[in-house]
Amino acid sequence: MIVCVEGVNGCGKSTLAAILVDMWTRGQAVALDPVQHTRFGGALRSAIMAAESLGADAETLAFASARLHTATALAGQRCPPARELVVLERWAGAVVAYGTVAGSSPFLLRALEAALAGALPVDVTVLVDVPGEVAAARLTQQTSTQANRFETRGSAYLERVRRQYLAWASLRQVPVINGLQDLHTIAGHVTRLIETTAAVTDPGGGHTTKETA
Ligand SMILES: Nc1ncnc2c1ncn2[C@@H]1O[C@H](COP(=O)(O)OP(=O)(O)O)[C@@H](O)[C@H]1O
Ligand SMILES: Cc1cn([C@H]2C[C@H](O)[C@@H](COP(=O)(O)OP(=O)(O)O)O2)c(=O)[nH]c1=O
């Protein structure tokens, strides 16, 4: 089972991914950042962050390339069986939302979105939605990790990315979860979506997750 959590920086993806992994009872569960999952992706991300002036299409292509390489790596390990859980922090939605705000060509974005969708069979995708202001405030409070250049552009930038994410979710019928709710309520929503999908893909598999409190 591959679950993808999309959303702007600070919407709660990493925290939610950790909760989902912790709640999984069927088999192994792992959360991963598909950009940095491989050494190649990590190196690309460092190069993107270090680049002084990177054109929008070059930047979008580089992010997508890192993600596509992760798809190859996951396929090499064979895609997870229904009893295992992989939670991806962003996939194709990020390319569209961040890429649109960056000013990438719509043709390139459409092609990359299709390539990403074809590269990995994501079972459940959700968008965790928070206003840019809330996301920016959460990021300012975070002291554990060093902010990247996308995280220091402020609430207006995050709000623009959020709007693109919402437009994408509406077009692709991706469920939108209100990220202002309590984390366990959010995890409960995602768990129900996972259970519904699991009932179709692994009908005899029994309960997927622990009860949410
Ligand atoms: N639903 C929530 N309510 C309140 N705070 C939250 C919620 N989700 C995440 N946070 C907090 O917001 C900050 C950013 O969360 P994080 O999971 O790192 O976001 P992301 O991975 O999307 O950048 C963290 O300090 C986290 O504890
Ligand atoms: C253009 C573009 C930007 N971004 C932005 C959003 C992230 O803040 C930043 C780094 O991505 P990533 O390493 O996936 O996430 P994070 O640092 O938030 O854990 O790049 C993408 O993720 N994908 C894209 O296609």
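Inter-label distance, Ala75 to Glu52: 3.8 nm, where each label sits 7 Å from its Cα along the C-beta direction. GNM remark for the chain: springs join alpha carbons under 10 Å apart, and the peak mean-square fluctuation among Arg192, Arg67, Arg163 falls on Arg192. Helix 92-102 against the longest principal axis of the chain: what's the angle in degrees, Cα atoms only, rounded to the nearest 10? Value to nearest ten degrees: 20. The angle between the Cα long axis of helix 106-119 and the main principal axis of the chain comes to about 30°, on a 0 to 90 degree scale. GNM on the chain, C-alpha springs below 10 Å: top fluctuator among Gly188, Gly41, Gly99? Evaluated over the chain, the most mobile residue of the options is Gly188. With a 1.4 Å probe and every protein chain left in place, work out the accessible area per residue of the chain in Å², rounded to a whole number. Here the residues of the chain average 49 Å² of exposed surface. Counting only DSSP beta bridges whose two residues both lie in the chain, roughly 5 percent are antiparallel. Protein-only accessible surface at a 1.4 angstrom probe places the residues Asp182, Asp129 in the order Asp182, Asp129, largest first. Here the gap between Asp22 and Ser170, fully extended at 0.36 nm per residue and compared with their Cα-Cα distance, gives a gain of 50.3 nm. Which one, Ala75, Ala31, Ala64, has the greatest fluctuation when you compute a Gaussian network model over the chain with C-alpha springs under 10 angstrom? Maximum among the listed residues: Ala75. Just the protein heavy atoms count here, and of the accessible area of the chain at 1.4 Å, carbon and sulfur take up 54 percent. The C-alpha atoms of the chain define a longest principal axis, and helix 154-172 lies at about 50 degrees to it. Projected label points at Arg192 and Leu180, each 7 Å from Cα along the beta carbon direction, are separated by 2.0 nanometres.
The values are calculated or read from the model by the stated rules, or taken from the named source; none is laboratory data. Computed from a predicted model, the values in this text were never measured in an experiment. Every residue, glycine as well, gets a Cβ built from its backbone with ideal geometry; the counts of neighbours run over all protein chains shown. When the accessible area is computed, the model is the full protein with side chains, heavy atoms only, and any ligands, DNA or RNA have been set aside. Shrake-Rupley method; radii C 1.70, N 1.55, O 1.52, S 1.80 Å.
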